Amino acid sequence: MAQAQTATGEGTQTQSFVITGMTCANCSARVEKELNRQPGVLSANVNLATEKATVSYADTTAADLIACVQQIGYGAILDDENHRKQVAEGKARHLRNMKRDLIVSAVLVAPLMVSMLLMMAGVHHPLVMFFHEPWVQLVLVTPIQFGVGLRFYKGAYHAVKTKAPNMDVLVAMGTTAAYLLSVYNGFFAGKPHELYFESSGMIITLILLGKYLETLAKTKTSNAIKQLMGLQAKTARVLQTDASSVDLPLEQVTAGMQILVRPGEQIPVDAAIFDGRTSVDESMLTGESLPVEKGIGDTIFGGTVNTTGTIKIKALQVGNDTVLARIIRMVEDAQGSKAPIQQIADKISGIFVPAVLIAALVTLLATGWIVGDWQVAVIHSVAVLVIACPCALGLATPTAIMVGTGLGAKNGILIKGGQALETASHISSVILDKTGTITVGKPVVTDMKLSDPELLGVIAGLENQSEHPLAQAIITYAQENGTDLPEVRDFAAVPGFGIVGNVAGVAYRLGTRNFVKELAGITDYDPVISQWAQEGKTLMLLANDQQVLGAIAVADQIKDTSRAAIKQLQQSGVSVYMLTGDNAKAAQYIGEQVGIPVANIFAEVLPEDKSEKVALLKAQGEIVGMVGDGINDAPALALADIGIAMGSGTDIAMETADVTLIHSDLTYVSKMIELSQATIRKIKQNLFWAFVYNTIGIPFAALGFLNPIVAGGAMAFSSVSVLLNSLSLNRKRL
């Protein structure tokens, strides 16, 4: 499970807090500002959608940070394992209380709304008239105004106290004005038919309904995290020294323990199989529905499912070090981050509420002076206050980021944050490292020319004594073809040339062309030697003391999906480049196979020079995505606008990159770009409608075209519509 606290440097740590009591963008901005001004705080980021604050600090304590948040009227709880239950219970309790208040409010205001509608329809039944009595309306609405609506008064008090007016100020001022005007007309001015109790009661009810629906929708935006956490096993069946087993809570499992996993059970930790064979359902990690065959020595991951055989495994990574825990941590960090586009909303929301208060005052004075009816002026200004709450503005960006990163995680695309998400949507060029990215990264035998098929056994037998990196490819090929490995005597390695050995009394040598160039028959192999070399293959020649007997070629294979993936990127307008240490001819051959133009191939590039190629493209104004999987790719991944690590790669590559593709499939690069573009589109749609809503709504309300009740309903609907628009991203197929 994700940890709330991480070290970020000497004496510096990052802590996550759950913030309670926030109602709009101004609230999150106020908390963020307060945290950032605390001594020792290096940076603070508050997310309205996740209701979390992420703070990097030194020379202060978590307790001090919690205290400063509480001083301005909000709550803060450490977001760690010890407090997760408390946070969950608090959120559930808050939702229950909100539902209870909503029901009470709706029941009390319903008779007033029904009687008002019936009166407008010309119905004057005694029961209808009863609900128009000032004292009846006062009795029904007062519990709504000061009971259900108490939350708005509390929020408004703290907002005014800290000089940071928010949504609560607008709602409290608007509904109080309507309530007090009704009291004045009904009991002091002798105008019992000019009451607005139903307006204040209905506004509070509608806003509470909007907040309730908003809270429900927020829980759906964080479903990706909940689903990932639900994949974690709770116990492990640990093997004892006497061959018996005992079920231990996962927290008590340590690296090195031996665990028994039966068919159908969840694998509890990242581990290696030391006994048995099985098929493992890794769909939770890769999204691939077909189980993967696993045997002795293979690595399996916590959260995946053992489908067929009973296996014994040795724990390698446990707790927060497992792949699943790291994924959860990455998704949580991503969902709590901000995209640069959100700065627009943050700046506007910071001045929005004061501007609305001024607009309401201008509406009050102008309407009262022009119309000459101050009651009408009050109602118009109330409508302005109520419709202008900036909730939708504050939710526009973070909700879309939450859904987008969550959808990516479910499909094996881990995006580290809003910054990466937005930048990825603008990628214009992608640099692909060849080995392990375009190719499988595992050499295999590709070609063979032997004077006698039995000689494959001789080659494999010799390589079985060798430590050469390509030896295993030949041994595996021979075994798969049913070839027995003969006994080899007098084996020796000849540095720079190859190996020698005696098989069944015959002395053989296996190596480069220079190793056998003086022997008979060498020219018979020159055509294939030339062809294989141009194709970037590593070749070895077998000979006895008199003549060359055969040749075998080994090469890294191009992944099945690479060509289609590169074509897809190119069709979407992205330029694709290849980076390799191979010679130019071999690189061009691979480029031809996958459709990369010669001009876009960087060959004979040393590992330490990879980042220079990224810098070259960036200098030309390109937004560069770098895709790699090795330690030597880390500098280039860090320098690129977006570093994309293949999930099969090294930990350092994954840590350095902005995006990790668990599938190690290049088709997911274009899927990642497509997802980021779709998410940014949602953000822009949300911001557009939030701006348009307020731009149109405030003038309409000021001119008297919107009843305060309609304004309250419209305000509530705007927040819910933004959330629903963000959630619609879940329907996207990747």
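Annotations for the structure displayed:
- Restricting Leu687, Leu734, Leu661 to residues that are surrounded by fewer than 18 Cβ atoms within 10 Å (Cβ to Cβ) and touching a helix residue (DSSP H, G or I) at 6+ places or on another chain (Cβ under 6 Å) narrows the list to Leu734.
- Residues located in the range 133-172, provided they are outside any helix (DSSP H, G or I), surrounded by fewer than 19 Cβ atoms within 10 Å (Cβ to Cβ) and either of a type in the set (Phe, Trp, Tyr) or out of contact with any Lys or Arg (no Cβ under 9 Å at 6 or more places or on another chain) (or both): Glu133, Lys163
- Note on the range 695-727: residues that are under 18 Å from Ala355 (Cα atoms) and crowded, with 23+ Cβ neighbours inside 10 Å amount to 3.
- Residue match in the range 555-567 (condition: at pLDDT 90 or above and at positive phi): no
- Going through (1) under 21 Å from Ile644 (Cβ atoms); (2) of a type in the set (Phe, Trp, Tyr); (3) surrounded by fewer than 19 Cβ atoms within 10 Å (Cβ to Cβ) one by one, Tyr577 falls short only on (3).
- Residue count for the range 710-723, restricted to those that are at pLDDT 80 or above and either over 15 Å from Tyr212 (Cα atoms) or not in a helix (DSSP H, G or I) (or both): 1.
- Restricting attention to the range 514-543, the residues that are in a helix (DSSP H, G or I), of a type outside the set (Asp, Glu) and out of contact with any Phe, Trp or Tyr (no Cβ under 8 Å at 6 or more places or on another chain) add up to 11.
- Residue check, Ala638 open to solvent by 10 Å² or more (accessible area, probe 1.4 Å) and either more than 24 Å from Gly406 (Cα to Cα) or at pLDDT 80 or above (or both): yes
- When Gly625, Gly591, Gly595 are checked against the criterion of being within 17 Å of His426 (Cα to Cα) and modelled with pLDDT of 85 or more, Gly625 stands alone in meeting it.
- Condition met for His158 (out of contact with any Asp or Glu (no Cβ under 6 Å at 6 or more places or on another chain) and touching a residue at least 12 places away in the same chain (Cβ under 8 Å)): yes
- Residues that are under 27 Å from the mean Cα position of the chain (by Cα), in contact (Cβ under 8 Å) with a residue 60 or more places away in the chain and under 26 Å from Lys33 (Cβ atoms) within the range 55-90 comprise Ile77, Leu78, Asp79, Asp80, His83, Val87, Gly90, listed in sequence order.
This table checks each residue for (1) open to solvent by less than 60 Å² (accessible area, probe 1.4 Å); (2) of a type outside the set (Lys, Arg); (3) without any contact (Cβ under 8 Å) to a residue 60 or more places away in the chain.
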position: Ile474; (1), (2), (3): yes, yes, no
position: Tyr477; (1), (2), (3): no, yes, yes
position: Val488; (1), (2), (3): yes, yes, yes
position: Gly498; (1), (2), (3): yes, yes, yes
position: Thr512; (1), (2), (3): yes, yes, yes
position: Lys517; (1), (2), (3): no, no, yes
position: Gly521; (1), (2), (3): yes, yes, yes
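- The residue of the range 589-613 that is most open to solvent (accessible area, probe 1.4 Å), among those that are in contact with a Gly (Cβ under 9 Å, 6 or more places away or on another chain) and in a helix (DSSP H, G or I), is Val598.
- Looking only at the range 247-265, residues that are open to solvent by less than 60 Å² (accessible area, probe 1.4 Å) and outside any loop (DSSP other than H, G, I, E, B) come to 6 in all.
- Counting only residues that are assigned to a strand (DSSP E or B) and among the β-branched types (Val, Ile, Thr), the range 544-569 holds 4 of them.
- Scanning the range 382-410 for residues that are out of contact with any Ser or Thr (no Cβ under 9 Å at 6 or more places or on another chain) and farther than 21 Å from Ala716 by Cβ gives Ala409, Lys410.
- Considering the range 339-417, the qualifying helices (runs of 4 or more DSSP H), each wholly inside and each with 1 or more residues that are modelled with pLDDT under 85, open to solvent by 10 Å² or more (accessible area, probe 1.4 Å) and in contact with a helix residue (DSSP H, G or I) (Cβ under 8 Å, 6 or more places away or on another chain), run over 342-371, 391-410.
- Residue match in the range 447-461 (condition: under 39 Å from the mean Cα position of the chain (by Cα) and either open to solvent by less than 30 Å² (accessible area, probe 1.4 Å) or among the basic types (Lys, Arg) (or both)): no
- Val87 meets all of the listed conditions (1) touching a helix residue (DSSP H, G or I) at 6+ places or on another chain (Cβ under 9 Å); (2) among the β-branched types (Val, Ile, Thr); (3) open to solvent by less than 50 Å² (accessible area, probe 1.4 Å) but one, namely (1).
The values are calculated or read from the model by the stated rules, or taken from the named source; none is laboratory data. These figures come from a predicted structure and were not determined experimentally. Ideal geometry is used to build each Cβ from the backbone, glycine not excepted, and the neighbour counts take in all protein chains shown. Side chains included, ligands, DNA and RNA excluded: accessible areas come from the protein's heavy atoms. Shrake-Rupley method; radii C 1.70, N 1.55, O 1.52, S 1.80 Å.
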